[in-house]
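Asks: First the structure, then my questions, so here it is.
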Amino acid sequence: MWFKNIRVYKLSAPLSTDPQQLEAALAEFKFAPCTGQEAVRTGFSFPLHASIKQYCHPMAQGWLFAVKRQEKVLPAAVINEELQPKIDAMAAEQGRSLSRKEKQSLKEELIQTLLPRAFSRSTLTHGYYDAEHNWLVINTGGAGKAEDILALLRKALGSLPALPWLDNHKLNSQLQLWLQNKELPEGFMLGNDAELKAPDEEGAKVKFTNHLLSADEVQSHLQDKLVTKIGLQQAEGLSLHVSDDSSIKGIKYHELLTGQNEEMGWEDLSLRLDADLLLMSSSLNQALLAIAKQLQHASINS
């Protein structure tokens, strides 16, 4: 439940928070396993726990959801091993080498015959809608995966006016300042990780891990490179990496934060999961709000 990598989307119009309406909307697109000939299937699943059968779980100021994706696993080595004899047989039959298009057609036909025998792999991705700040937080660092989830939400809800929560152009300029320990978001200090890349065609890259970022050997790279990722941390809260595509990755929660609900135990599973969800979302929202406000402040003063 503790989100590790996130993509955040700001909505131009509020979403419904009516539990019954949302439950019905998400249930209409609930997950069902792949059939024999299907390679991929996605749908909404139970976000809190398999024993708590709700597709939309109400939160303090919003709701939690989860999307399950199942895909058939066909290793390339297996496909190629069975494909080559088919290519050789057709080439011998026709007395010529096959074209790329013909080989691709054979490959597609072979995949369809192998799918019913393929293993299945499933993943569950959580997200939540925060009505106070009117944003969606999805627990993935991948843009493509996040877009697939947004597309499913659009089907269920009818519309979803969502855009990335930060202006990447403004963020890029701030990343340069943050590495210089300037204008950091409120409550954050500079971490120990950073990545930089040259803007030219060669795109030379440099990566620092567990490093003193104020050191001259790091700061000198600002002369010819742009910061693409930087670590920030709170004293007893979160540590995270802000990337130039506005994703937040490598989120870690201080033990003083994650331990706040330990005295509750796990006897009441729903109560404990709800408490952890509130703790996680509150700490994340506080961090996101600090980053967003800092960029807004920088934009006003520029």
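Values quoted throughout were computed directly from the atomic coordinates according to the rules given, and no laboratory measurement underlies them. Given the structure is predicted, the values throughout are model-derived calculations rather than measurements. Every residue, glycine as well, gets a Cβ built from its backbone with ideal geometry; the counts of neighbours run over all protein chains shown.
Asks: What's the ranking of 38-50, 12-24 by average number of surrounding C-beta atoms within 10 Å, highest first?
Replies: 38-50, 12-24
Asks: Another question about this same structure. Build a GNM of the chain with springs between Cα atoms under 10 Å: which of W178, W266, W165 gets the top mean-square fluctuation?
Replies: Judging by the Gaussian network model, the answer is W266.
Asks: Shifting gears a bit: Under 12 Å from the Cα of K68, which aspartates and glutamates turn up, not counting those fewer than eight places away in the same chain?
Replies: D148
Asks: If Lys and Arg each add +1 and Asp and Glu each add -1, what is the summed charge of the other residues whose beta carbon sits under 10 Å from the beta carbon of P161?
Replies: Cβ neighbours under 10 Å give a net charge of +2.
Asks: Order the peptides 279-290, 147-158, 110-121 from the highest to the lowest mean number of other Cβ atoms within 10 Å of their residues.
Replies: So the peptides 279-290, 147-158, 110-121, ranked by packing, come out 279-290, 147-158, 110-121.
Asks: Hey, what do the phi angles of region 180-192 turn into as Karplus ³J(HN,Hα) couplings, whole Hz, using 6.51/-1.76/1.60 and θ = phi - 60°, x for Gly and Pro?
Replies: Result, rounded to whole Hz: 8, 6, 10, 6, 5, x, 4, x, 10, 10, 5, x, 10.
Asks: Taking the Cα centre as origin and putting +1 on Lys and Arg beta-carbons and -1 on Asp and Glu beta-carbons, what dipole magnitude results for region 76-116, to the nearest 20 debye? Walk me through the numbers on the way to the answer.
Replies: Values: 6 positive and 7 negative charges, 43 e Å.
With Lys and Arg at +1 and Asp and Glu at -1, about 200 debye.
Asks: Another one. Taking θ = phi - 60°, what integer Hz values does the Karplus form 6.51 cos²θ - 1.76 cosθ + 1.60 yield along region 52-68, in sequence order, with x for Gly and Pro?
Replies: Calculated HN-Hα couplings, in order: 9, 7, 10, 7, 10, 9, x, 10, 4, 9, x, 7, 9, 9, 8, 10, 9 Hz.
Asks: On to the next question. List every residue whose amide H lies under 5 Å from the amide H of T228, counting only residues 5 or more places away in sequence or on a different chain, with H placed 1.01 Å from N in the peptide plane.
Replies: When sequence neighbours closer than 5 places are left aside, the close amide H contacts are E195, L196, K197.
Asks: Give me the dipole magnitude in Debye, nearest 20, for region 149-298 about the Cα centre, with unit charges on the beta carbon: positive for Lys and Arg, negative for Asp and Glu.
Replies: Computed about the Cα centre, the dipole is about 520 debye.
Asks: Hey, another quick one. May I ask you to derive the relative contact order of region 168-301, considering only C-alpha pairs under 8 Å and at least 6 residues apart, and to give it as an integer percent? Let's see the in-between values first.
Replies: Details: 190 pairs, mean separation 31.9, N = 134.
This gives 24 percent for region 168-301.
Asks: Using the alpha carbon gyration tensor of the chain, what are the three equivalent-ellipsoid semi-axes (square root of 5 times each eigenvalue), largest first, in whole Å?
Replies: After diagonalising the Cα gyration tensor, the semi-axes are 39, 31, 18 Å.
Asks: Given the pairs K4/K249; K72/K103; K170/K207, which span a C-alpha to C-alpha distance of over 18 angstrom in this model?
Replies: K72/K103; K170/K207
Asks: Using θ = phi - 60° and the Karplus form 6.51 cos²θ - 1.76 cosθ + 1.60, what ³J(HN,Hα) does each residue of region 144-157 get, whole Hz, x for Gly and Pro?
Replies: Once θ is set to phi - 60°, the couplings for region 144-157 become x, 5, 5, 5, 4, 5, 4, 5, 5, 5, 4, 4, 6, 9 Hz.
Asks: Tell me the mean residue ellipticity at 222 nm calculated for the chain from its helices only (DSSP H runs of n ≥ 4, each -39500 (n - 2.57), averaged over every residue, nearest 500).
Replies: Estimated from H runs of four or more residues: -12000 deg cm²/dmol.
Asks: Using the Cα centre of the chain as the reference point, and only Cβ charges (+1 on K/R, -1 on D/E), how large is the resulting charge dipole? Debye, rounded to the nearest 20.
Replies: 880
Asks: Moving to a separate point now. Would you mind counting up the charge near L64? Only other residues with Cβ under 13 Å from its Cβ, with Lys and Arg at +1 and Asp and Glu at -1.
Replies: Net of charged neighbours comes to -4.
Asks: For the chain, with a Gaussian network of springs between Cα atoms less than 10 Å apart, report the residue from A146, A235, A91 with the top mean-square fluctuation.
Replies: Checking each option, the largest mean-square fluctuation is seen for A91.
Asks: Sequence gap at least 6, Cα distance under 8 Å: using those rules, report the relative contact order of region 1-153 to the nearest whole percent.
Replies: Computed value for region 1-153: 33 percent relative contact order.
Asks: Pick out, from L212, S283, V227, the residue whose Cα sits farthest towards the positive end of the charge dipole of region 168-301, with +1 on the Cβ of Lys and Arg and -1 on the Cβ of Asp and Glu.
Replies: V227
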